[in-house]
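The values are calculated or read from the model by the stated rules, or taken from the named source; none is laboratory data. Just so we're clear, the structure is a prediction, and the values are computed from it rather than from any experiment. A quick note on method: Cβ atoms are made from the backbone with ideal geometry, for glycine too, and the neighbour counts reach across all protein chains shown. What goes into the accessible areas is simple: the full protein's heavy atoms, side chains included, and nothing from ligands, DNA or RNA. Shrake-Rupley method; radii C 1.70, N 1.55, O 1.52, S 1.80 Å.
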Amino acid sequence: MAISRNFLLIGTLYLVIGIGLGSHMGASGDHTLAPVHAHINLLGFTLMAVFGLCYRVIPGLAEAGLARAHFWLHQAGALVLLAALALMMSGTVAGEVIGPVFPVAELAILAGVLCFGLNLWRRA
Ligand code: HEM
Ligand code: HEM
């Protein structure tokens, strides 16, 4: 799997969505979803772009099993976290109902980052 390319392409997709939401907030004057916008751009685009570049420039980093674990943990965690945050902050689903989803998604993202860190430790 082309981990670098996939991180960069999916990250750019998040950036398009993040800019779309930012423009909508600016135009409407309703900034309720500002934290959703911020984290789509930061957790979605910025982090994935940094990861994509690291897997491109550091020899051997993308070949490790840890890289695949990191990729899937980050994709699943970020998607679930951002979707849950959007549903909660837009008032679509009550915080008490969707609340338990957050620690699971956060743990997935954290576990992915630990895989990334260990892989860097071994190969960078
Ligand atoms: C055309 C692109 C963008 C537009 C139109 C836009 C628009 C906005 C707006 C209207 C707000 C709310 C400001 C407020 O409530 O005070 C905001 C907040 C924010 N934006 Fe953007 N934004 C854009 C791109 C980005 C990008 C690329 C990033 C990060 C990589 C980013 C990160 C943030 C952050 C961190 C906040 C603060 C959120 C918070 O205080 O909870 N934005 N943006
Ligand atoms: C699992 C990952 C993350 C979680 C659970 C998380 C959680 C939070 C929370 C609870 C807030 C406060 C929101 C509010 O006051 O409305 C926040 C704000 C913020 N976070 Fe994150 N965050 C995560 C990842 C990141 C990453 C990766 C970045 C940057 C690359 C980032 C940058 C920010 C910024 C810039 C703010 C806004 C600070 C402000 O406007 O006062 N976060 N985050």
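Look at the range 9-21 and say how many of its residues are open to solvent by 40 Å² or more (accessible area, probe 1.4 Å) and closer than 16 Å to Ala76 by Cα.
Selection size over the range 9-21: 3.
Which one is farthest from Ala78 (Cα to Cα), of the residues in the range 22-39 that are of a type in the set (A, V, I, L, M, F, W, C), open to solvent by 20 Å² or more (accessible area, probe 1.4 Å) and part of a helix (DSSP H, G or I)?
That would be Ala27.
Could you please tell me which pairs satisfy a Cβ distance under 7 Å, a separation of 6+ or placement on different chains, a first residue in the range 98-124 that is within 13 Å of Leu79 (Cα to Cα), and a second residue that is among the hydroxyl-bearing types (Ser, Thr, Tyr) and near ligand 2 (Cβ under 9 Å from one of its atoms)?
none
Can you say whether Leu33 is within 23 Å of Ser90 (Cβ to Cβ), over 11 Å from the mean Cα position of the chain (by Cα) and modelled with pLDDT of 95 or more, as far as the supplied structure shows?
Yes; evaluated as a whole, the condition is true for this residue.
Just to be sure I understand the filter: pairs with C-beta atoms under 9 Å, separated by 6 or more residues or on different chains, first member in the range 25-37 and touching a residue at least 24 places away in the same chain (Cβ under 8 Å), second member in a helix (DSSP H, G or I) and more than 14 Å from ligand 2 (Cβ to nearest atom). Which pairs pass?
Cβ pairs passing all conditions: Leu33/Leu21; Leu33/His24; Val36/Leu21.
Can you name the condition, by its number, that Ala67 falls short on among (1) within 16 Å of ligand 1 (Cβ to nearest atom); (2) open to solvent by less than 10 Å² (accessible area, probe 1.4 Å)?
Condition not satisfied by Ala67: (1).
With respect to Ala64, determine if the residue is under 23 Å from Leu114 (Cα atoms) and at pLDDT below 95. Outline the logic, then answer.
Details: under 23 Å from Leu114 (Cα atoms): yes; at pLDDT below 95: yes.
In short, yes.
I need the full set of residues from the range 48-64 which are within 16 Å of ligand 1 (Cβ to nearest atom) and surrounded by fewer than 21 Cβ atoms within 10 Å (Cβ to Cβ), in order please.
If the condition is that a residue be within 16 Å of ligand 1 (Cβ to nearest atom) and surrounded by fewer than 21 Cβ atoms within 10 Å (Cβ to Cβ), then Ala49, Val50, Leu53 are the ones that fit.
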